[in-house]
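Encoded as structure tokens, the structure appears first; notes follow it.
The values are calculated or read from the model by the stated rules, or taken from the named source; none is laboratory data. Since this is a predicted model, take the numbers as computed values, not measurements. Cβ coordinates were reconstructed from backbone atoms using ideal geometry, including for glycine residues, and neighbour counts include every protein chain displayed. With ligands, DNA and RNA removed, areas are computed over all heavy atoms of the protein, side chains included. Shrake-Rupley method; radii C 1.70, N 1.55, O 1.52, S 1.80 Å.
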Amino acid sequence: MTSPEAEQGDGATGGAAPRSGDARPEERLERAVRAAEQALIEFEIAVETFRIEVENFSRLHHQKLGPMYTRLDELDAELAELKAARTGDPEDARKADEARALVQPMPGVEELFHGWMDGSGLFPEAAAMLTDQPVRPPQRVRPSEEARKLFRELARKAHPDLAQEEGERKRREEFITRVNAAYARGDVPLLRELAEEWAAGPVPEEQGPSAAEELYARLEWLSQRKEMLTLVARELEDSAIASMLRIAPDDPDRLLDEIAEQLLGEVSRREAELFNLRAQEQGQDGPGQAPAAARQPGDEAVPGAEADRGLGDQQPG
């Protein structure tokens, strides 16, 4: 597996060397910007490629191995509870409670979204907030007399049909939309603010930067973007999933299969242990005959699988 920095190549060099006889002073800056843009594109491609690989491994890890981890947690909890019941030791009881606490039920949709939605979709209040509509219904059908007066004055002054050019018409349409929303809520203070805003007139357009200033700003933005992507790449490389990918860079899918085989062996061993303990509780002489699934031989340890055990509840990022 190749890190984003290694895949980036040498795109950041060799494109901004000064040349003699530049036609314009900005020509060197333009070449530097083009070189930086190309280098950033290559780096973004490398980071995104790596991110997708990490995310896909994480999703497949959760889908294929998640049920096995859940089963192991349940078996661990049952074993701990059985031991605590046999010994009566408070320490064993505490460990049993901790093991049981790890076996969490799947939360419902409403719990996951903290009251924003349920299985039928978004709640009306949440939908209103996301669409900039009033969260609560208006308190009265007809707004106050002052609100009506302010609304009519603003509508007469700012009506889009009074515009002489398209840009002014668009500005008036956006402003009237805000006026209508404030009037619908009967929001007198906001209507006053809108009246003051209209009286002050449009904000004068600032003088644009020169060509050289735009190029320098572009270089600065490209540099900041590169720094941000570098942090993203470092975070991905430091993740637990990336550590597992480094174990099998050429065939990560095979690594998942090997871990699954070892987990199946762990499940079988725990089921056999639980079966034997329950048989002893029932007063049988021997350890009893374990279930067929529990009689499978254990597999050899897979490199990295012990570290993988802590990822059982990890969701894809």
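General remarks:
- If you go through region 182-204 and keep only what is without any contact (Cβ under 8 Å) to a residue 12 or more places away in the chain, in a helix (DSSP H, G or I) and not charged (D, E, K, R), you end up with Pro189, Leu190, Ala199, Ala200.
- Residues within region 210-242 that are assigned to a loop (DSSP other than H, G, I, E, B), open to solvent by less than 100 Å² (accessible area, probe 1.4 Å) and under 17 Å from Ser58 (Cα atoms), tallied: 1
- Residue match in region 292-301 (condition: modelled with pLDDT of 85 or more and of a type in the set (Lys, Arg)): no
- Residues in region 243-258 that are within 20 Å of Gly66 (Cβ to Cβ) and surrounded by fewer than 17 Cβ atoms within 10 Å (Cβ to Cβ): Ser243, Asp253, Arg254, Asp257.
- Sole residue being exposed (fewer than 10 other Cβ atoms within 10 Å of the Cβ) and either touching a residue at least 24 places away in the same chain (Cβ under 8 Å) or under 30 Å from Glu37 (Cβ atoms) (or both), chosen from Gln207, Gln164: Gln207
- Trp221 being modelled with pLDDT of 90 or more and closer than 30 Å to Leu40 by Cα: yes
- Residue, nearest to Arg234 (Cα to Cα), within region 51-105, restricted to residues that are surrounded by fewer than 17 Cβ atoms within 10 Å (Cβ to Cβ) and polar (S, T, N, Q): Asn56
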